[in-house]
Amino acid sequence: MPSLLAAATNTRDAGRTLPRRLAIGVALALAATSCAGAGGGKPRDTDRLLVVTTVAPITSIASSIVGDLADVEGIVPEGTNSHTYEPPPSVAALLADADIIFLNGLVLEEPIRQLATASMDGDAALVELGDAVLDDEDYIFDFSFPRREGNPNPHLWTDPTLAQRYASSVRDHMADLDPDHAEDYTANYEAFSRVVEGFDAAMREAFASIPADQRRLLTYHDAYAYFAQTYGWEVLGAIQVSDFSDPTGREVAELIEQIREEDVPAIFGSEVFPSPVLEQIGNETGARYVDSLRDDDLPGVPGDPEHSWLGLMRYDFATITEALGGDPRALTAFDPGPLPADQAVYPQ
Ligand SMILES: [Zn+2]
C-alpha cells in the first residue's frame, strides 16, 4: 500500500484551535459595543465575516473558496456520526454570530438546521448546498436511505463533480454577501475547479486499471451513491440500516450469500462506524475486509495537507482502487499544485 495511505492515520488529539467562541467572549468582555460587522450591523468582535459550516468536507470546500477573506468554522466534530449529531446549546452562539451558514441539506443536519433557524441573525443567510445544486428528481434513495423514510442519500460531496457544484454555490453566495471581493471568490473557485478536474481525470485513470466487473462496491456506510452513478460503478449494497444500527442476523446471512454468489473481492467498512458484523462477513466469505473508508472525517489533523476534502477523496478512492486489484498511483501521485493554507476551524 502506498505510504500516503498509511500516513493518513488518525491522530486527532493534536492540532486543536482556540475555540472562536472563547475569543469572542474575551473580546465582548473588553468592549461592550463593538464595530458593526460587514454582514448586517450586529455587534461583532471583528470586521471579518463569519462563515459557519457543518461537516468537515463542507468546511474544507467552503474554506477553499473563502480563503483568507472571512473566518470559517465547522460545527460537527470530526469522527462523530454526522447523521445523528445533536449540537450542544453552545453552538447557538456561533450560529447567532454567523453571516452565512452552509449546511449540506438533504436532511443530513436537521437538528443544526433547526437550531440555526432559531438562533441566526435576521440578516444572515442559511444555504443548504445539496438542495441548491441537485433537483429533487435527482435525489438518490437507496439502501440506508429508503424512499419510504423520505430522507434522500445526502452524500453528494463524495462525488467530485457535485463537490465542484457545492464550491460554485459557495462562490455565488459569498459574492452576494461580500461583493467587494467577488473577483477573489471567483478566482478561488477557478483554482478549486482546476484541482477537481485534474483529480477527476486521475480517478478515471485509476479506475480504468480495475477490471470492469470488479467496479462494484459493498460498503458499510452508504456514502457513495452519487459517486457511483457519475463514475459508472455499481453499489451492490450498503450494510448499515436506516437507523444507523447493525443489520439483523437474517440480513447478514443474506449479505453473506450475495457476496459468495457475486464473488465480491473486498468489502468496505467505515472508520467512523467500526462494525464487527462487517468483519464477520469478511471472515465467512473470504472477501477482504477494508475498514478504513471515511465520508466526513478528514485524514490527519487540521493543518496537514491531506486534511482536506481532496485528501479525503484521495484516501477513499486510492483505498478502494487498491483493494479491488487496481493501480492507485494516478491518485496517490496527483499533485494539486500549491494551495493556500486552510485556516478554517475544525472541531475534533
Ligand atoms: Zn455519512
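Since every read-out is calculated from the coordinates, none of them should be taken as a lab result. Everything numeric in this text was worked out from a predicted model, so none of it was measured. Reconstructed Cβ throughout: ideal geometry from the backbone, glycine too, with neighbour counts over all protein chains shown.
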(request) On each of the three principal axes of the Cα atoms of the chain, give max minus min coordinate, whole Å, ordered largest first. (result) 68, 41, 41
(request) Determine the dipole magnitude for segment 198-328: charges of +1 sit on the beta-carbon of Lys and Arg, -1 on that of Asp and Glu, nothing else is charged, the reference point is the Cα centre, and the result goes in debye to the nearest 20. (result) 240
(request) Between the alpha-carbon centers of segment 68-100 and segment 191-218, tell me the distance in whole angstrom. (result) 31
(request) For ARG288, list long-range residues whose amide hydrogen, built 1.01 Å from N in the peptide plane, is under 5 Å from its own amide hydrogen. (result) ALA266, ILE267
(request) Can you check what the net charge comes to around PHE192, using other residues whose Cβ is under 14 Å from the Cβ of PHE192 (Lys, Arg +1; Asp, Glu -1)? (result) -3
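Sort the following peptides by mean Cβ neighbour count (other Cβ atoms within 10 Å, averaged over residues), highest first: 238-251, 99-112, 189-202.
Working: 238-251: 14.9, 99-112: 22.4, 189-202: 17.5.
The peptides rank, most packed first, as 99-112, 189-202, 238-251.
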(message) Can you give me the long-range amide H partners of ILE140? Hydrogens built in the peptide plane at 1.01 Å from N, cutoff under 5 Å, separation of 5 or more residues or another chain.
(response) ASN153
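Evaluate the relative contact order of the chain (contact order divided by residue number), counting alpha-carbon pairs under 8 angstrom at least 6 apart; express in whole percent.
Details: 602 pairs, mean separation 76.4, N = 348.
The value is 22 percent.
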(request) Using a 10 angstrom cutoff on alpha carbons, build the Gaussian network for the chain and name the most mobile of GLY67, GLY286, GLY337. (result) GLY337
(request) Scan around LEU236 for amide H atoms under 5 Å from its own, H built in the peptide plane at 1.01 Å from N, and keep only partners 5 or more places away or cross-chain. (result) LEU217, LEU218
(message) Mean-square fluctuation check for the chain, GNM, Cα pairs under 10 Å: which of ILE267, ILE256, ILE65 is largest?
(response) ILE256
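Would you mind counting up the charge near ARG216? Only other residues with Cβ under 11 Å from its Cβ, with Lys and Arg at +1 and Asp and Glu at -1.
-3
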(message) Can you tally the net charge around GLY105? Count Lys and Arg as +1, Asp and Glu as -1, for every other residue whose Cβ sits under 12 Å from the Cβ of GLY105.
(response) -4
